[in-house]
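Asks: Structure below; questions to follow.
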Amino acid sequence: MKVAFLDESGDHSLNKIDPSYPVFVLAGCIFDFDYYNNTAEPQIMALKQKYFKRNDIILRSYDIRKQKNAFNILVDKKLREAFYTDINELILSLNFTVIAAAINKTSLKNQYSDSVNPYHLCFHFFFERVIMYLGKSNEKMLLRIESRETHNDKKLSHEYELFRAGSSRFPPKETQAKLADLSFNQKTQNIAGMQLADLVAYPIGKWIMNNDGENKAFKIVEKKLHQKDGKYMGYGLKVFP
């Protein structure tokens with residue numbers, strides 16, 4: 001059994017696009033279920049304990065970058081560098097795979113109608129790549145995603161059921177056999193896998209905006225992207241349009 005934790009970076013709305021970050025990214029971190037419970041989650045919690053003396057801290061990319069809330073301790077340069085080193089080494093050492101989908105919202109709006117939902121598109125692209133990732137194995141995938149209010153969760157649940165029912169190029173027999181369960185979870189539930197997904201999503205968005213600039217965080221994430229024949233574009237990462 002595999003488990004995928006999903007979180008996003010950016011706003012999915014096309015009504016008002018932030019020119020400084022005109023992308024939407026949905027990233028999933030995929031673990032072997034037992035490995036996550038027995039190894040990955042305890043190690044992530046241990047990192048929190050090391051720096052904050054408690055493990056109920058929610059790792060959020062935005063708060064870390066802006067040194068907000070509990071992460072105000074990172075104003076100390078020496079401590080900040082040690083924290084970044086440890087979190088980078090932890091991500092590299094953990095055994096997981098990243099599959100992500102990203103939308104350039106400006107390009108999408110210019111080419112398609114405003115009715116297109118970037119979140120739903122990414123959701124669909126993610127599922128397609130999960131099916132390809134699982135391949136001919138008999139493994140099933142559990143999906144854990146951040147809740148975004150009841151009405152949005154219902155819409156995503158509907159998209160999920162459409163995909164399982166055959167709205168993609170994959171037959172329902174295959175999608176229903178491989179996608180075992182979808183659940184929505186609050187950030188306050190302190191789910192380590194979802195926090196990891198939050199941390200990997202933002203560097204992907206920054207890389208899409210400028211893949212020539214320095215992006216040390218993406219260099220870490222890049223090593224985790226699902227690949228086929230040495231390539232991750234189209235497999236571990238789908239960028240649209």
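Asks: Please label the shape of the range 102-241 as rounded, prolate or oblate, based on the square roots a ≥ b ≥ c of the eigenvalues of the alpha-carbon gyration tensor (a/c under 1.5 means rounded; beyond that, a/b larger than b/c means prolate, else oblate).
Replies: Here the range 102-241 falls in the rounded category.
Asks: Using a Förster distance of 35 angstrom, determine the FRET efficiency expected from the C-beta separation of T106 and N72, and round it to 0.05.
Replies: For T106 and N72, the calculated efficiency is 0.55.
Asks: Using a 1.4 angstrom probe on heavy atoms only, work out the carbon and sulfur share of the accessible area of the range 69-112 in %.
Replies: Heavy-atom surface of the range 69-112 belonging to carbon and sulfur, 1.4 Å probe: 47 percent.
Asks: On C-alpha positions alone, give me the angle between the axis of helix 118-134 and the longest principal axis of the chain, in degrees, nearest 10.
Replies: Taking Cα atoms only, the helix is inclined about 90 degrees.
Asks: Tally the DSSP beta bridges in the chain and give the antiparallel ones as a percent, rounded to 5.
Replies: Once the DSSP bridges in the chain are tallied, antiparallel ones form about 50 percent.
Asks: Can you tell me the Rg and Dmax of the range 29-119, counting just the alpha carbons, in angstroms?
Replies: Considering the range 29-119 through its Cα atoms, Rg and Dmax are 17.5, 50 Å.
Asks: Given the C-alpha atoms of the chain, compute the convex hull and give its volume per residue in Å³.
Replies: 134
Asks: Within the range 8-130, count lysine pairs with alpha carbon atoms under 27 angstrom apart where the residues are 8 or more positions apart or belong to different chains.
Replies: Final tally of qualifying lysine pairs is 21.
Asks: Rg/Rh for the range 1-61: what does it come to with C-alpha atoms and Rh from Kirkwood?
Replies: Using only Cα positions, Rg/Rh for the range 1-61 is 1.12.
The values are calculated or read from the model by the stated rules, or taken from the named source; none is laboratory data. All values derive from a computational prediction rather than experimental measurement. Note: ideal-geometry Cβ built from the backbone for every residue, glycine included; neighbour counts use all protein chains shown. The accessibility values were calculated without ligands, DNA or RNA, using every heavy atom of the protein model including side chains. Shrake-Rupley method; radii C 1.70, N 1.55, O 1.52, S 1.80 Å.
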